[in-house]
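Asker: There's a structure below that I have some questions on.
Here, each number is a calculation from the coordinates, and none is a lab measurement. Given the structure is predicted, the values throughout are model-derived calculations rather than measurements. Here the Cβ positions follow ideal geometry from the backbone for every residue, glycine too, while neighbour counts run over all protein chains shown.
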Amino acid sequence: MSSHGPVKEHSHKEIMIILSGLMTGMLLAALDQTIVSTALKSIVEDFNGLNHYTWVVTAYLLTSTASTPLYGKISDIYGRRIVFQFAIVTFLIGSFLAGASQDMTQLIATRALQGLGAGGLMALTFVIIGDIVPPRERGRYQGYFGAVWGLSSVAGPLLGGFFSDHASILGITGWRWIFYINIPFGIAALAITSAVLHIPKVKRDHKIDYIGALLMVTAVSSTLLAVSIYGPERGWGNATTLTYLFSGIALSIIFLYWETKVQEPILPLSLFKNHTFSLTSALGFIIGAGMFGAIVMLPLYLQVVKGDTATEAGLKLIPFMLGIVSTSIYSGKAITKHGYYKRFPIIGTAVMTVGILLMSTLDTTTPFWQLSIYAIMVGAGLGFSMQTIVIALQNSVDYKDMGVATSSNTFFRSLGSVFGTAIFGTILTNRLGHYLNENFKELAATNPSAVVGFDAAKLEGIQSNTAVLQTMPPIIKTTALEAFVSSFQVVFLTAAPITAAGFVLALFLRETALRTNKDYAAAREESAGETLG
């Protein structure tokens, strides 16, 4: 169905019904980024696949990140609903097969399929909101999506811990429910979007840039494999790591060259001439890195240093979630009311930076109430920034570029989260080895009797399996925990300048009046006219 008649305005009630379908889809995609983290231990024990365990997370992030910009473009051609539903079905098939996996190879492959669907769920949610709600009104609705992110960042590790703590539920191995639980929610999202997601489809004669898509996917995959798998596992000077890294860089350069030559590029480089697009892409990358740094490092600190179980660590992330949820909803409503958005990313990145700096003071004796305040600050900073930059971006691009610009922004944030997780993980491992050696040398010098009979080879064991700590004498355990604390402090001290760079970028954001219903309808008409004229 093509349309270049009057644009239908949706009522608040209609938008909320559509939103419920979109939020269900997005919750699934966001949950599956974090739900596996606390369950990996059980999965790995079942499949004897410790050496491949990072692939279970990375395979999902790779395909979801690399496919994100494609969905924006494809939905511009075929319409949002059909492509969104294709993403849900792909995600559901991947979830079912992941739950039924019999070995590590099958699980990694099916996680990659899940990620392919998730890329569409994440990208198209914001694109569809952009289609049905003008920028001036959008804040009040996008705040709910910040709440979904906040919920998933806590519910993921919590559910993962809960399912994997049970040997079996209803006769099925506990951890398999991590994937099976997606199926009823996915079917509900399909039903809701089929019933209510009726967006007028603007018929466009498009060509898909398949070569550009292939170059982009291989460039991103190659770089991410180097940064998130081979670098941390084999060392940064290793031949495999360098081969993947340089291949990724070379393919990226070829991709950028190709995009200047092709008539309809998959990622129009002209978008980077738009000041707001370039700035929000960089901000998205930084926020993604900061967010995942916190989500990955905090549960690890709680489990290793504080001795919490997976479920307890998940519960203790609730203050972080409260920070995201409250400020997402507040900033969204404030933007709709006053029409100003620039102040929120500035406040957000500043608060987040202070929160991360305070986290660098965490040690073995830090009380939970203190950690809660720091977690609320980091969460609040994310809530103020995350949705606001999407509103600023969508307000600044032409209506015809809405799909590709929004999905590109999601792409940069996902990219940030993968690089952030990989870099912070590498710093933690590297510093841990250093501090363990230093601390035990010092212990041997000051208290030789404490290390009598202690096998130095066990230090390697501590790094690969923290459960070993519980079997050690108190003084040895304390010395090792001090090494962990010092390493976490370095990670947070490294993260702070990254979010501080986000603060500097936010200062340069240009505030332009948010388009209202009238302006927005005109922009849509013009876009339809251009493509049909």
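Asker: Counting C-alpha atoms alone, how compact is the range 209-265: give Rg to one decimal and Dmax as a whole number, in angstrom.
Answerer: Every Cα atom of the range 209-265 included, Rg and Dmax give 12.8, 41 Å.
Asker: Kindly identify the range 62-168 as rounded, prolate or oblate by the Cα gyration tensor criterion: order the square roots of the eigenvalues as a ≥ b ≥ c, call it rounded if a/c is under 1.5, otherwise compare a/b with b/c, prolate if a/b is larger, else oblate.
Answerer: Verdict is oblate for the range 62-168.
Asker: Take 317, 113 and order them by how many other Cβ atoms sit within 10 Å, fewest up front.
Answerer: Going from least to most buried by this count: 113, 317.
Asker: Compute the FRET efficiency between residue 250 and residue 14 as 1/(1 + (r/R0)^6), taking r as their Cβ-Cβ distance and R0 = 51 Å, and round to the nearest 0.05. Before the final figure, lay out the partial values.
Answerer: Working: r = 49 Å, r/R0 = 0.95.
Approximately 0.55, to the nearest 0.05.
Asker: Report D for the range 229-369 in µm² per second (integer): Stokes-Einstein, Kirkwood Rh on Cα pairs, 25 °C, 0.890 mPa s.
Answerer: 127 µm²/s
Asker: Additional query: Under the classification rounded if a/c is under 1.5, otherwise prolate if a/b is larger than b/c and oblate if not, where does the range 354-440 fall, given a ≥ b ≥ c as square roots of the Cα gyration tensor eigenvalues?
Answerer: oblate
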